[in-house]
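Trainee: One structure is given below, represented as structure tokens, and several questions about it will come after.
Please treat every number below as a calculation from the coordinates, not as lab data. Predicted model, so just to flag it, every value in this text is computed and none were measured. All Cβ positions, even for glycine, are placed from backbone atoms using ideal geometry, and neighbour counts span all protein chains on display.
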Amino acid sequence: MDLSVIQIGNSKGIRLSKTLLEKYNIKDTVELILEKGYIIIRPKSTPRKGWEKAFKKMHENNDDKPLIADVFDDEHFEEWK
């Protein structure tokens, strides 16, 4: 696919079609990777998006308790001094 480099203010850039933006789920931010003579553009992922809301809901449902104890019966804290 050939793209033209266009003037954008004092810079230059490329324009991506709506089809490409939708196909690769590109929203507001992309990651630019320079690798072995190539420029790779890929969508910036936000893997933890929505976690804060989910954690608040867990807390409201009293479902945020530890699955295992954080202190075990056989621990000796003296060795940490």
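Trainee: Per residue of the stretch 4-11, what does 6.51 cos²θ - 1.76 cosθ + 1.60 with θ = phi - 60° give for ³J(HN,Hα)? Whole Hz please, x for Gly and Pro, Karplus curve as stated.
Mentor: Working through the residues one at a time gives 8, 8, 10, 7, 10, x, 8, 10 Hz.
Trainee: Then there's this: Among LEU16, TRP51, TRP80, flag the residue with its Cα farthest along the positive direction of the charge dipole of the chain, charges on Cβ as +1 for Lys/Arg and -1 for Asp/Glu.
Mentor: Result: LEU16, furthest along the dipole toward the positive end.
Trainee: List, in the order given, every pair from LYS12/LYS56; LYS18/LYS57; LYS36/LYS56; LYS12/LYS36 whose Cα-Cα distance in the structure shown is over 32 Å.
Mentor: LYS12/LYS56; LYS18/LYS57; LYS36/LYS56, as the Cα separations exceed 32 Å there.
Trainee: How big is the charge dipole of the stretch 5-66 about its Cα centre, in debye rounded to the nearest 20, if each Lys and Arg gets +1 on its Cβ and each Asp and Glu gets -1 on its Cβ?
Mentor: Here the size comes out at about 200 debye.
Trainee: What residues qualify as long-range amide H neighbours of ILE26, i.e. H under 5 Å apart, gap of 5 or more or another chain, H built at 1.01 Å from N?
Mentor: none
Trainee: If you line up the long axis of helix 51-60 against the longest principal axis of the chain, both from Cα atoms, how many degrees apart are they, to the nearest 10?
Mentor: Helix 51-60 sits roughly 30 degrees off the main axis of the chain.
Trainee: Right, next: Obtain the nm distance between the two label points defined at TYR24 and LYS44 by a simple spin-label model: each point lies 7 Å from its Cα along the Cα-to-C-beta direction.
Mentor: Each label point lies 7 Å from its Cα, and together they span 1.5 nm.
Trainee: Further, regarding this structure: Given that just one value was derived from the coordinates, which of (1) 17, 47, 28, 8, 0; (2) 16, 38, 29, 15, 2; (3) 12, 24, 19, 16, 15, 11, 5 is P(r) over Cα pairs in 10 Å bins from 0, in percent?
Mentor: Label (3) holds the value from this structure.
Trainee: Continuing with the same structure: Please report the net charge: other residues with Cβ closer than 15 Å to the Cβ of LEU32, K and R +1, D and E -1.
Mentor: Neighbour charge sum, excluding LEU32 itself: +1.
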